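Reading through the structure tokens given below for one structure.
Since every read-out is calculated from the coordinates, none of them should be taken as a lab result. Everything quoted here is computed from the prediction, not taken from an experiment. Glycine gets a Cβ as well: all are built from the backbone with ideal geometry, and neighbour counts include every protein chain shown.
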Amino acid sequence: MTPETLFDLTGKTALVTGGATGIGAMAAEGLVAAGAHVLIASRKGEACEAVAVELNGKGYAGRAEGFGGDVASEEGIAALVSEVEKRREALHILMNNAGRTWGAALGEHPYDAWDKLLKLNVQGMFHLTQSLLPLLLKAARPEDPARIVNVGSVMGDVPLGTMTYSYAVSKGAVHHMTRVLSNDLAPQHITVNAIAPGPFPSKMTEFALGHDKGRDRAAKGVPLGRVGEPEDIAGALQFLCSRAGSYLSGAILPLSGGMQAAAPSNLFGEDM
Ligand SMILES: NC(=O)c1ccc[n+]([C@@H]2O[C@H](COP(=O)([O-])OP(=O)(O)OC[C@H]3O[C@@H](n4cnc5c(N)ncnc54)[C@H](OP(=O)(O)O)[C@@H]3O)[C@@H](O)[C@H]2O)c1
């Protein structure tokens, strides 16, 4: 290993759930570009296949494969795991990215919003991880651990009031699950980290960031003054999954332009 190959992912297999759109697609492209063989899975199998074909046409060092998979039920997870087993003997990288949200005011947040959110964002993430451990262990080496990257959110760190009660709480749970699993799995040479993105344009955030005005408005709340871009996700994944990030576990990487450390005003409320 030389400094020139610190971020190289040649020979590694990754699974990115929800990898046909948004943050998952940004990650999948970053991993393929660095040389990985990336499996992309979500409920819309055809969309995953189409994204894989697109990535394979870009001349990157790695390859992509897409297929259907549902992380929100026990049967769906079992089927997804057997699809992965059919394709690869070991899994070096698991990116638990599939997620959903729900917006409703306090007093109107429906009972169902909790069940649906936690089933995918927390229960599904845990159960998929647990079910893929045998494949991850096959790839794990003391000098090159297998990697799990969970997708949390800046909303899991700071109490942002955007009517997403069940979502924000699910992401706080993802962050804590990340630390708990890191503690359990580090001795088995598997790192477990999370990224905690701020605002990134995607299907989920289309309603707010799908137009210039919305992006400019959101950028005002970000200390670095812009919304997230694909390179921010791709760079973080290349770091977390390569030799460069192999001594890091249990971290919640704040990919939010400084939002996680922003104070509402200075101590004495004075204009600066
Ligand atoms: N965009 C942001 O600003 C932001 C900020 C912080 C965190 N995040 C997190 O980033 C992750 C990706 O979200 P995104 O913003 O990129 O939105 P997105 O484009 O809507 O992506 C969500 C993905 O999850 C997949 N998915 C949904 N339900 C699934 C299921 N039951 N099984 C498997 N896959 C499922 C969807 O594909 P199918 O419909 O084909 O299943 C879709 O590809 C989420 O965990 C989200 O909470 C996003």
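Here are a few things to note about the model shown:
- Of 96, 183, 121, the residue with the greatest mean-square motion in the GNM of the chain, using alpha carbon springs below 10 Å, is 183.
- With a Förster radius of 35 Å applied to the beta-carbon distance between residue 203 and residue 176, the computed FRET efficiency rounds to 0.85.
- Candidates 70, 212, 115, ranked by Gaussian network fluctuation over the chain, Cα under 10 Å, top entry: 212
- Debye, to nearest 20: dipole size of region 89-147, +1 on Lys, Arg Cβ, -1 on Asp, Glu Cβ: 80
- Spatially proximal aspartates and glutamates relative to residue 203 (Cα-Cα < 20 Å; intrachain offsets below 8 disregarded): 29, 46, 49, 54, 70, 212, 216, 229, 231, 232
- Restricting attention to the chain, close to 5% of DSSP beta bridges with both partner residues there are antiparallel.
- For region 212-219, Karplus couplings with θ = phi - 60° (6.51, -1.76, 1.60), whole Hz, Gly/Pro x: 3, 4, x, 5, 5, 5, 5, 4
- Within region 21-82, trypsin sites (Lys or Arg not before Pro) in DSSP loop having at most 16 other beta-carbon neighbours inside 10 Å: 43, 44, 58
- For the chain, alpha-carbon Rg relative to the globular expectation (2.2 N^0.38 Å, N residues): 0.99
- The charge dipole of the chain, taken about its Cα centre with unit charges on the Cβ atoms of Lys, Arg (+1), Asp and Glu (-1) only, comes to about 140 debye.
- Residues 2, 101, sorted so that the one with the fewest Cβ neighbours within 10 Å comes first: 2, 101
- Rounded to the nearest 5, the antiparallel percentage of DSSP beta bridges internal to region 1-152 is 5%.
- Over region 121-272, relative contact order from alpha-carbon pairs under 8 Å, at least 6 apart, %: 26
- Furthest towards positive pole of dipole, 263, 222, 190, structure part the chain, Cβ charges: 190
- Distance from the Cα centroid of region 27-54 to that of region 113-130 is 22 Å (rounded to whole angstrom).
- Net charge of neighbours whose Cβ lies under 13 Å from the Cβ of residue 48, counting Lys and Arg as +1 and Asp and Glu as -1: -3
- Cα gyration tensor shape of region 59-101, rounded if a/c is under 1.5, else prolate or oblate by comparing a/b with b/c: oblate
- Most positive-pole-ward Cα, 41, 18, 60, against dipole of region 1-144 from beta carbon charges: 60
- Helices in the chain, meaning DSSP H runs of at least 4 residues, each add -39500 (n - 2.57). Divided by all residues, the mean residue ellipticity at 222 nm is -12000 deg cm²/dmol.
- Residue 131 paired with residue 58, simple spin-label distance in nm, labels 7 Å along Cα-to-beta-carbon: 2.8
- Anisotropy class of region 161-247 from Cα gyration tensor, a/c 1.5 cut: oblate
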